[in-house]
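Structure record follows, encoded as structure tokens.
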Amino acid sequence: MILLTGATGKTGGEVARQLAAKGVICRALVRDAEKAASLTDSGIELVIGDMGDQAILAEALLGVDKAILILPNSAKQETLEKQFIDAASKAGVAHLVKLSSMEAVANTDSPIPAMHYAVEQHLKGSGMSWTMIRPNFFMQNLLSSAGTIKDKQGIFLPLGNGKTGMSDSRDIAALIVEAVTG
Ligand SMILES: NC(=O)c1ccc[n+]([C@@H]2O[C@H](COP(=O)([O-])OP(=O)(O)OC[C@H]3O[C@@H](n4cnc5c(N)ncnc54)[C@H](OP(=O)(O)O)[C@@H]3O)[C@@H](O)[C@H]2O)c1
């Protein structure tokens, strides 16, 4: 059994769609059953609850051999992800795939990449086998510029003269699906 988190989000939603299209049996841990209705329609089993709830985690991880960890950036992300890794290891999960970041390197002074790096180290020390998915800026982020494209014909980002290679979250999802099925 594969456990997917973040299944109502950008990347996890696409992972769910691609797993269902392949006929892969999977379970999703979601907070909002209504938001996850389309997942049930595609045959995905749901466990409803928050990732911070240990009892829910234990229920979601029952019989799981591969897990996919996706959470949004927040002050709680590092704690929640480390708790998830510990619970997965305790439940006997063999392989964990973590959505991380291309910038997750040692000695970074940027808080989100530093958090991802700390979680990666925790996962590496867990005894489970692992895959770190490390994308760059999602193309889907550009949708949030729809307003300024319409009103000012521009995209405004704090990039200076920097250049970036973007990732489509559908491609990231395909890589995650390959990591748990290939
Ligand atoms: N955006 C980028 O350019 C970029 C680039 C590289 C890496 N990343 C990394 O990608 C990750 C975010 O991925 P995403 O954009 O696909 O996420 P997203 O669209 O923000 O979706 C987050 C998912 O996590 C769920 N969730 C949040 N808190 C939860 C909790 N306490 N318990 C259970 N589920 C919870 C949300 O559920 P609800 O629907 O209930 O809220 C949602 O399904 C971050 O770690 C970020 O650092 C992003």
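Restricting the range 1-15 to residues that are in contact with a Ser or Thr (Cβ under 7 Å, 6 or more places away or on another chain) and open to solvent by less than 10 Å² (accessible area, probe 1.4 Å) leaves a set whose member that is nearest to K66 (Cα to Cα) is G12.
When the range 123-145 is examined, which residues are found to be away from the ligand (no atom under 14 Å from the Cβ), open to solvent by 60 Å² or more (accessible area, probe 1.4 Å) and not in a loop (DSSP other than H, G, I, E, B)?
Initially, the range 123-145 is screened for residues away from the ligand (no atom under 14 Å from the Cβ), giving 124-131.
Now narrow it down to the ones that are open to solvent by 60 Å² or more (accessible area, probe 1.4 Å): 124-125, 127, 130.
Residues satisfying the conditions are K124, W130.
Taken over the range 57-115, residues that are open to solvent by 50 Å² or more (accessible area, probe 1.4 Å), among the basic types (K, R) and within 14 Å of the ligand (Cβ to nearest atom) amount to 2.
Taking the range 148-160 as the range and being over 26 Å from the mean Cα position of the chain (by Cα) and closer than 18 Å to E103 by Cα as the test, only G160 passes.
Within the range 1-38, the set of residues being within 13 Å of the ligand (Cβ to nearest atom), charged (D, E, K, R) and in a loop (DSSP other than H, G, I, E, B) comprises R31, D32, E34, K35.
The values are calculated or read from the model by the stated rules, or taken from the named source; none is laboratory data. Keep in mind the model is a prediction, meaning the values are calculated, not measured. We place every Cβ from the backbone using ideal geometry, glycine too, and count neighbours over all the protein chains shown. Each accessible area value is taken on the protein alone, full model and side chains, heavy atoms only, with ligands, DNA and RNA left out. Shrake-Rupley method; radii C 1.70, N 1.55, O 1.52, S 1.80 Å.
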